[in-house]
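The values are calculated or read from the model by the stated rules, or taken from the named source; none is laboratory data. What you see is a predicted model, and the numbers here were worked out from it, not measured in a lab. Neighbour counts are summed over all protein chains in view; Cβ atoms, including those assigned to glycine, are modelled from backbone coordinates with ideal geometry.
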Amino acid sequence: MTSQVYYRKWRPQRLSEVVGQEPVIQTLKQALVQNRVAHAYLFCGPRGTGKTSTARILAKAVSCLSPDEDGEPDTTCHICESITEGRSLDLIEIDAASNRGIDEIRSLREKARFAPNEAAYKVYILDEAHMLTEYAADALLKTLEEPPPHVKFILATTDPHRLPSTITSRCQRFDFRRISPNSTKNRLTEICDAEGIKTDPEVLNTITRVSQGSLRDAENLLEQAVTSYGNTISLEQVRLLLGLSDDDRPRTLVGHLFRRETAQALTLINSVSIEGFDLQQFHRQVVQELRDLLLLKAGAGEMLDQPADVTQAQTSLLKDVKLEQVLRVLGLLAKVTFSPDTPQTLPLELAVVESAQEAIASHIDKHTSTTLEQPKVSKSIATPPLTFVEPIPVATELPKPILPMPEQTSLDPSPVPSPVTNQPENQNPLPPISRDEPWEEMIRTLSRQKGRRFNLGALLRACRHHHLEGDKLTLSFTHRSHMERMQEEMDYPESKRTLQEALTMALGTSSELTLSFTAENSEQELSQENDSPLVKAALNMGGKIVDQEDEVSTPNSTRSKEDE
Ligand SMILES: [Zn+2]
């Protein structure tokens, strides 16, 4: 019952229909309009986020007989139609997972030399490109180095790190992000409306939640629900379909862990296993539950978007539980990995026992160490700093995004001892981590984005300070030329939009942007600025320049980060 009718039917046909990938789409459109399409692209990102769909649209767009002024394919000419219908000889899709050998790539190289059949370009889409063998990748490299002019390559991968850098460096890279819950829900609503499916928002919330940022999964789940239950779907049906039922055992297990009820926890795990329930799925639910509890405890519960009774149950579970306790248990559970060589229950059982022991250890620790910093722990963490909220829209994949979160709470200026300290002798607070991880990540992403004239990442790197106050973000530059370049880019709508989107992703808020210039007592800068008659007069009177500032305000349209 894994038909993909909705997914195929609702597959985007134009770049503007691709959901949730605005920065990528924007840049591709630009390239198309300016006729500067690269010969090789690398589309990275989680499954179901639109990489292959975008690749196909791009294949249409480069060969479309009458593209529109945005570079979009018309979808109606015979080239577009043959691609849509999957019968174009000039779009070659290769699943590298099953064609990963050198022979396949050699044959690709041979065929690539021949001119396209009828389209302007031959486009090769190499899906799961990281699966290529080393030799195959080597063979591909030769083609990427000297591609025939009529060939475009689009490599798609969920795992770019596994591709040799020789390959990635020859491709223009785009990172596809997880689709936000809102975008997923909007898309599902659209499909329901068009297909005459009756359901309530809670159903779509549940599907969205389970699909974890993969629109394809969400669409397929919706379709499975319709196949199973017809055009009216209830919450119970969806929960049954998803194996969620009304099983509150993940929460029960978490309760046992909080209360250090080792025996009960072990019994529960084994009863789940004996009933034939998939323990890995159970484990995912437990981690998801802990993550929800963490958000709730940290005051970010509104992000959860779940039924009121669930929140109520979670709130009562959290009564008398400290945030550090949630962190500790979550840290342990998130590390659990299953191996085919050990009894299925063992990894969870070990985590349970370890959790109980650590709890005892940290208990002793607390009572033997001085209490100098202890009171601050819960207090400083309980007030979630803004950036704490940032990773949430993409944090649904478990367990990876979970772990950095506790570290981000250390943004609070007061010293926060490690909340997951597990050795009694370890009295040191966590080493200070980069407080600007999201910021740096944003710069890395933007360093692949050229604005009208300048590279946006490079411009941001030149920004000496950034300061967020309320919804006002001030970028301070110590060189006037840097600020002016940034200003120039901000006057250009595309650049401004790209930056704005990146900022929204990084800071979790769309903010009004102000550029400011602060000379760092730099003589060179000062001397340039001393021409003002007022300054001259002041200097003549014995005045001294201690600081210079001027500001150029760039009000940005307040865009909701979710509404696309
Ligand atoms: Zn066309």
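Before moving on, here are some points about what is shown:
- Filtering the range 331-346 to residues that are without any contact (Cβ under 8 Å) to a residue 12 or more places away in the chain and in a helix (DSSP H, G or I) leaves only Leu346.
- Residues in the range 94-117 that are of a type outside the set (D, E, K, R), farther than 17 Å from Leu155 by Cβ and in contact (Cβ under 8 Å) with a residue 24 or more places away in the chain: 3 in all.
- Selection from the range 65-79 of residues that are within 6 Å of the ligand (Cβ to nearest atom) and part of a helix (DSSP H, G or I): Ile79
- From Ala97, Ala119, residue being touching a helix residue (DSSP H, G or I) at 6+ places or on another chain (Cβ under 8 Å), assigned to a loop (DSSP other than H, G, I, E, B), aliphatic (A, V, I, L, M) and more than 15 Å from Ala55 (Cβ to Cβ): Ala97
- Verdict on Val254 being assigned by TED's automatic domain parsing to the domain that holds Thr337 and either closer than 25 Å to Ile360 by Cβ or buried (at least 16 other Cβ atoms within 10 Å of the Cβ) (or both): yes
- Scanning the range 100-114 for residues that are surrounded by fewer than 16 Cβ atoms within 10 Å (Cβ to Cβ) and among the acidic types (Asp, Glu) returns Asp103, Glu110.
- Qualifying residue in the range 100-117 (condition: touching a His at 6+ places or on another chain (Cβ under 6 Å) and within 16 Å of the ligand (Cβ to nearest atom)): yes
- Condition check for Asn35 on (1) over 28 Å from Ser165 (Cα atoms); (2) surrounded by fewer than 16 Cβ atoms within 10 Å (Cβ to Cβ): one failure, at (1).
- Taking every residue in the range 145-163 that is not assigned by TED's automatic domain parsing to the domain that holds Glu128 and pairing it with any residue that is part of a strand (DSSP E or B) and polar (S, T, N, Q), at least 6 positions away or on another chain, yields no pair with a Cβ-Cβ distance below 7 Å.
- In the range 11-64, the residue that is farthest from the ligand (Cβ to nearest atom) out of those that are in a loop (DSSP other than H, G, I, E, B) and basic (Lys, Arg) is Arg47.
- Glu236 in the same structural domain as Thr206 (by TED's automatic domain parsing) and acidic (Asp, Glu): yes
- For the range 476-483, the criterion of being assigned to a helix (DSSP H, G or I) and surrounded by fewer than 15 Cβ atoms within 10 Å (Cβ to Cβ) is met by at least one residue.
- If you filter the range 80-99 down to residues that are within 13 Å of the ligand (Cβ to nearest atom) and small (Gly, Ala, Ser), you find that the one that is surrounded by the fewest Cβ atoms within 10 Å (Cβ to Cβ) is Ser82.
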